[in-house]
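The values are calculated or read from the model by the stated rules, or taken from the named source; none is laboratory data. All values reported here derive from a predicted model rather than from experimental measurement. Quick reminder, even Gly has a Cβ in these numbers, built from the backbone with ideal geometry, and neighbours come from all protein chains shown. Areas reflect the complete protein model, heavy atoms only, side chains present, ligands, DNA and RNA absent. Shrake-Rupley method; radii C 1.70, N 1.55, O 1.52, S 1.80 Å.
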Amino acid sequence: MWLAALLAILPVVVASLIGSAVTVPQIPGWYAGLAKPPFNPPNWLFAPVWTTLFALMALAAFRTLRRPVDTPGRAQTLLAYHVQLVLNMLWSCAFFGLNSPAGGLVVIATLLAAMIWTMRRFAVLGDRLSVALFLPYLAWVSFASLLNASIWWLNR
């Protein structure tokens, strides 16, 4: 159980630390200077939202990792999960690290597809709770996609 917990939490922590390292330095300068839509949330909201979403993701991964290694579909589910996690991190690198809302749009569209793939894999395992754990994440990234597209449009 402890190994599964570590294997669920560690990748999320690494992805969040890398994402934060790329994002935080850009907020007072580049990001502050962008035109943003009226529905742009205040900056303070992002950290608690992402902390919650990363915790939910880790819990979903933990549930999959707790299944026997020979469970049909387990490996594919973990692959889908880790692909979406990498894409999550790459969005920060594209949008903030490269100062590219257009690049962010490409990555976030791919991220949404990978999230849906991951949720389908959880469903194949019969894990409806893990599907449900991803719903707030899907909602937030869908909103973030609209925000990303709006920022791109306003600053093109």
When every residue in segment 1-48 that is exposed (fewer than 10 other Cβ atoms within 10 Å of the Cβ) and among the aromatic types (F, W, Y) is compared, the one farthest from I108 (Cα to Cα) is W2
Is it the case, given these coordinates, that L138 is farther than 22 Å from L90 by Cβ and of a type outside the set (S, T, Y)? no
Just to be sure I understand, how many residues within segment 76-100 are surrounded by 17 or more Cβ atoms within 10 Å (Cβ to Cβ) and over 16 Å from L112 (Cβ atoms)? 5
Please determine whether any residue of segment 103-123 is among the polar types (S, T, N, Q), in contact (Cβ under 8 Å) with a residue 60 or more places away in the chain and surrounded by 18 or more Cβ atoms within 10 Å (Cβ to Cβ). no
Taking segment 26-55, which residues are among the small types (G, A, S) and out of contact with any helix residue (DSSP H, G or I) (no Cβ under 6 Å at 6 or more places or on another chain)? G29, A32, G33, A47, A55
Please go through segment 49-75 and give me each residue that is open to solvent by less than 20 Å² (accessible area, probe 1.4 Å) and not in a helix (DSSP H, G or I), ordered by number. G73
Taking A35 as meeting all but one of (1) part of a loop (DSSP other than H, G, I, E, B); (2) free of Cβ contacts under 8 Å to residues at least 40 places away in the same chain, write down the number of the exception. (2)
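Matching residues to (1) in a helix (DSSP H, G or I); (2) among the polar types (S, T, N, Q); (3) at pLDDT below 95:
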{"residue": "H82", "(1), (2), (3)": "yes, no, no"}
{"residue": "F95", "(1), (2), (3)": "yes, no, no"}
{"residue": "N99", "(1), (2), (3)": "no, yes, no"}
{"residue": "G104", "(1), (2), (3)": "yes, no, no"}
{"residue": "A114", "(1), (2), (3)": "yes, no, no"}
{"residue": "Y137", "(1), (2), (3)": "yes, no, no"}
{"residue": "S142", "(1), (2), (3)": "yes, yes, no"}
